[in-house]
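Okay, structure first, notes after.
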Amino acid sequence: MPKKEQGAIKTVSPTPWRIFLTLAKINSLTLGGGYVIVPVIGNSFKKKGWITEEEFYRIFSRAQVFPGPVALSTSFLCSYRIAGVAGAVASVFGVVLPPFLALILVGGFISLYGDNELFKRFLGGAGAVVPGLVGSMLWRSARKRTWTIRTTTEVIALAVLLVVFPSAAFFILIGGIIALYLGRLVWKS
């Protein structure tokens, strides 16, 4: 049984079935992409006492280097950490199955009600929530970092370049990562 932490609710241990149900519920009810779902997964796992916030964000930072959806990678790595291989397999089904079924259902609704004004307003309202959730995730990740004038300047410069030249985002990110890495090597020597 995990130790009770400040703000965490002590619950039963994480089994593959409980992990599947938790992630299936999150992925069934949360609208948006991976960066919207990830903080919900972190909060849920933390409230259940399965993982600490610090450990979750450490795993989240590692999950971003994996190819594919960040919500899948994050939940996979967290579940592997708390319940082993069986938990990791359960997490994949918990993350993938609900959106798959939802796509089938939503496709049917769109074909039937796509011209309905109320339906269009619902989708517009759901989309308006996404920037706030992404901002929350960025804020939580950013406040855990040690910020210097140099890292702040680098992040702001990269963000400005991405806003000014969105069509070249891939090349800016790759170039920025290489430049930052090489800059750190030169700075240390």
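Along its three principal directions, the equivalent ellipsoid of segment 147-189 from the Cα gyration tensor extends over semi-axes of 21, 13, 5 Å, largest first. With 0.36 nm allotted per residue and the present C-alpha distance subtracted, the Val129-Leu101 stretch has 7.8 nm of extension available. Size descriptors for segment 95-165 (Cα atoms only): Rg and Dmax, in that order, 19.0, 54 Å. Summing Cβ point charges (Lys, Arg +1; Asp, Glu -1) relative to the Cα centre of the chain gives a dipole of roughly 760 debye. Shown for the chain: lysine pairs separated by 8 or more places, or found on different chains, whose C-alpha atoms are under 18 Å apart, numbering 13. Membrane-span-like helices of the chain, defined as complete DSSP H segments with a Cα extent of 24 Å or more along the helix axis and a mean Kyte hydropathy of at least -1.0, are identified as 70-113, 117-143, 169-188. Working note: Cα gyration tensor of the chain, eigenvalues times five, square-rooted, sorted largest first, giving semi-axes of 31, 26, 15 Å.
Only alpha carbons enter this Debye calculation for segment 21-88, each as an equal point scatterer, and the log10 of I(q)/I(0) it gives at q = 0.14 Å⁻¹ is -0.35. Between Arg58 and Ser13, the distance separating the two model label sites (each 7 Å from Cα on the Cα→Cβ line) works out to 2.1 nm.
Only the coordinates and a few stated rules stand behind these numbers; no lab work does. Since this is a predicted model, take the numbers as computed values, not measurements. Counting neighbours? That spans all protein chains shown, and the Cβs are built from the backbone with ideal geometry, glycine included.
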